[in-house]
Amino acid sequence: MHPNFVRVNAQAKLRNPDSLYYYYQKLIRLRKSSRALLYGDYALLEAEHEHVWAYTRSCSHEKMLVILNFSNTLVDFPSSQELVQAATKLVLGNVPERLPDLENKMQLKPYEARVYLVK
């Protein structure tokens with residue numbers, strides 16, 4: 001057994017409401033509750049970006065915006081005024097405090113994930 005088993009184990013994760021275990025529960029709950037995430041049309045944004053995978057899923061009256069930083073560095077993601085205005089309601093994120101969005105870009109922390117409900 002690894003020496004850190006006292007700190008890193010399933011029981012410890014279940015006691016921490018901010019653990020990856022509970023984050024995945026929220027993620028699964030969100031996916032099941034959103035028709036756009038389940039059945040929506042997929043549209044890729046900024047396909048040439050080296051580190052960020054961003055897309056929308058749209059279905060009838062619901063649209064979700066998903067932005068994922070797959071790098072271990074801070075990333076500036078270009079964002080149009082339309083994207084910034086659309087990304088007004090953060091539904092789920094994996095970092096406790098996100099960096100402020102700038103006029104023409106979003107700043108994403110390493111491995112940050114955001115899911116927005118688009119108005």
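Find the helices (runs of 4 or more DSSP H) located wholly in the stretch 1-53 whose residues include 1 or more that are over 21 Å from the mean Cα position of the chain (by Cα), and list them.
Correct list: 10-15.
List every residue pair whose Cβ atoms lie under 7 Å apart, where the two residues are 6 or more positions apart in sequence or sit on different chains, the first residue falls within the stretch 12-28 and is among the charged types (D, E, K, R), and the second residue, located anywhere, is surrounded by 13 or more Cβ atoms within 10 Å (Cβ to Cβ) and not in a helix (DSSP H, G or I).
Qualifying pairs under 7 Å: K13/S19; K26/L92.
Look at the stretch 45-68 and say how many of its residues are touching a Leu at 6+ places or on another chain (Cβ under 6 Å) and among the hydroxyl-bearing types (S, T, Y).
Residues that pass the stated criteria total 2.
Every residue in the stretch 32-50 that is of a type in the set (K, R) and exposed (fewer than 14 other Cβ atoms within 10 Å of the Cβ), please.
Residue satisfying the conditions is K32 alone.
Is it the case that some residue within the stretch 51-69 is among the aliphatic types (A, V, I, L, M), free of Cβ contacts under 8 Å to residues at least 24 places away in the same chain and either farther than 16 Å from R114 by Cβ or loosely packed, with under 13 Cβ neighbours inside 10 Å (or both)?
First, pick out the residues of the stretch 51-69 that are among the aliphatic types (A, V, I, L, M): 52, 54, 64-68.
Among the residues that remain, those that are also free of Cβ contacts under 8 Å to residues at least 24 places away in the same chain are: 54.
This time we only want the ones that are either farther than 16 Å from R114 by Cβ or loosely packed, with under 13 Cβ neighbours inside 10 Å (or both), so: none.
No, the conditions are met nowhere in the stretch 51-69.
Could you tell me whether any residue of the stretch 70-79 is surrounded by fewer than 14 Cβ atoms within 10 Å (Cβ to Cβ) and on the phi > 0 side of the Ramachandran plot?
Scanning the stretch 70-79 turns up no residue that is surrounded by fewer than 14 Cβ atoms within 10 Å (Cβ to Cβ) and on the phi > 0 side of the Ramachandran plot.
Taking the condition of being within 15 Å of Q107 (Cα to Cα) and modelled with pLDDT under 90, how many residues in the stretch 57-84 meet it?
So the answer is 8.
Is there any pair with a first residue in the stretch 82-99 that is over 21 Å from L37 (Cβ atoms) and a second that is at pLDDT 75 or above whose Cβ atoms are under 6 Å apart and which are 6 or more apart or on different chains, and what are they?
These pairs meet every condition: L99/Q107.
The values are calculated or read from the model by the stated rules, or taken from the named source; none is laboratory data. All values reported here derive from a predicted model rather than from experimental measurement. For neighbour counting, all protein chains shown are included, and Cβ atoms are generated from backbone atoms with ideal geometry for every residue, glycine included.
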